[in-house]
Amino acid sequence: MTQDRTQAQEAILLVGGKGTRLRPLTVNTPKPMVPAAGVPFLTHQLARARAAGVEHIVLATSYLAEVFEPHFGDGSSMGLHLEYVTEEEPLGTGGAIRNVASRLRSGSDDPVLIFNGDILTGLDIRGLVTTHARSGADVSLHLTRVEDPRAFGLVPTDEHGRVTAFLEKPQTPEEIVTDQINAGAYVFRRSVIDSIPAGRPVSVERETFPDLLATGAHLQGMVDSTYWLDLGTPHAFVRGSADLVLGRAPSPAVPGRCGDRLVLPTATVAADAKLTGGTVVGAGAVIGAGARVSGSTILDGAVVAAGAVVTDSLVGARARVGERTVLSHAVIGDDAVIGADNELRDGVRVWCEATLPAGSIRFSSDQ
Ligand code: GTP
């Protein structure tokens, strides 16, 4: 199949790896299936790709693969054709891409989109493909700018946007030569995918891209400073979910209108409870009288009892937050029970199914 090269019809979504860093919050749920704005996170990526004209998507995974197919099926309900490929052992990002090459239908010069499965972004996907076609690159990368690049590999470019190097995380201020980082979305010329070594772990950032540069290949960067968030931590997940609800992170898959809150059908919210800041209340969840919930995700079946105050926190499925309890930047595992009159703050994580008796923990003084 040879196609219009300013339009990618195929994509690979990388949703495997060493495991989900959201454990133990959602014990058996791989990160792409954790709800963000009321639907499994992956739904947003699939819907955005579809909106950009992609028709065929291969999900490359290596763990808990069996949860994807029952939910998304053949993709036809989203207007997509979905295929699933499971690695026996994680093959790394490059190895996973190579491992699905036989499922691609594109001709050797055609563009194939590749997305990391744990990134929430407003990237102009068509724009990336157009940049790729115009520059004639072998691989094009979405680059984003970050304020503090120390935690990331850096990707400097020349004045034409051509990538000049892939640098490991900078250790000293002198090594911070750019604020541009790899944002986890690429367009590969199909033939480049076929040239990745098969059957062994390969990292695109540490092996494929540097090797391509060394052999004189053309790697083009497109800096797009749109919304971008790495959902590597539960707190980032809560932020991303709220931003989807607020409309800051664009997705056609948000069920309902964007606004201050998203309350899924069958949730029960007391008339005087206050939900703000992109809060999501999952199916069957209950928010009690006078409770105030801001910027938080309350998963299915959870209970936030009367008078509780929950800010920028994640309350796991079927968990219970007792009366007048205060949560701020907290993560409460599935089925955990937090008794009344507790105060939990600043990154605290409560294990799934744990029980905290009433009045056990506070941060504020006794005065
Ligand atoms: P490497 O580049 O292979 O070393 O991986 P990394 O650890 O730098 O990748 P990262 O953890 O940033 O993951 C990027 C995306 O690739 C995420 O969406 C992961 O789910 C996915 N991913 C990472 N490793 C694998 C893998 O071995 N197999 C598959 N299918 N996906 C992976």
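The values are calculated or read from the model by the stated rules, or taken from the named source; none is laboratory data. A quick note: this is a predicted structure, and the numbers were derived from the prediction, not measured. When we count neighbours, we look across all protein chains shown, and the Cβ atoms used for this are built from the backbone with ideal geometry, even at glycine.
Considering only residues of the stretch 202-226 that are near the ligand (Cβ under 10 Å from one of its atoms) and surrounded by 15 or more Cβ atoms within 10 Å (Cβ to Cβ), which is farthest from ALA137 (Cα to Cα)? Checked the stretch 202-226; the qualifying residue farthest from ALA137 (Cα to Cα) is VAL202. Screening ALA358 with (1) in contact with a helix residue (DSSP H, G or I) (Cβ under 8 Å, 6 or more places away or on another chain); (2) surrounded by fewer than 23 Cβ atoms within 10 Å (Cβ to Cβ) gives one miss only, at (1).
Taking the criterion of being within 12 Å of the ligand (Cβ to nearest atom), assigned to a helix (DSSP H, G or I) and under 16 Å from GLU55 (Cα atoms), no residue of the stretch 85-129 qualifies.
Would you be able to say whether some residue in the stretch 232-242 is within 25 Å of ALA133 (Cα to Cα), within 16 Å of the ligand (Cβ to nearest atom) and of a type outside the set (Val, Ile, Thr)?
Taking the stretch 232-242 first, the residues within 25 Å of ALA133 (Cα to Cα) are none.
For the stretch 232-242, residues within 25 Å of ALA133 (Cα to Cα), within 16 Å of the ligand (Cβ to nearest atom) and of a type outside the set (Val, Ile, Thr): absent.
Considering only residues in the stretch 296-345 that are among the charged types (D, E, K, R) and in contact with a Phe, Trp or Tyr (Cβ under 8 Å, 6 or more places away or on another chain), the one that is surrounded by the fewest Cβ atoms within 10 Å (Cβ to Cβ) turns out to be ARG345. What's the number of the condition TYR63 fails, among (1) within 9 Å of the ligand (Cβ to nearest atom); (2) within 25 Å of PRO197 (Cα to Cα); (3) surrounded by 18 or more Cβ atoms within 10 Å (Cβ to Cβ)? Checking TYR63 against (1) within 9 Å of the ligand (Cβ to nearest atom); (2) within 25 Å of PRO197 (Cα to Cα); (3) surrounded by 18 or more Cβ atoms within 10 Å (Cβ to Cβ), the one that fails is (3). Taking each residue of the stretch 128-141 that is within 10 Å of GLN220 (Cα to Cα) and looking for partners that are in a helix (DSSP H, G or I) with beta-carbon atoms closer than 7 Å, six or more apart or interchain, yields ASP138/VAL192; ASP138/LEU212; VAL139/VAL192; VAL139/LEU212; SER140/LEU128; SER140/THR131; SER140/HIS132.
Got a number for residues in the stretch 66-81 being within 15 Å of the ligand (Cβ to nearest atom) and either of a type outside the set (A, V, I, L, M, F, W, C) or at pLDDT 95 or above (or both)? Residues meeting the conditions: 2.
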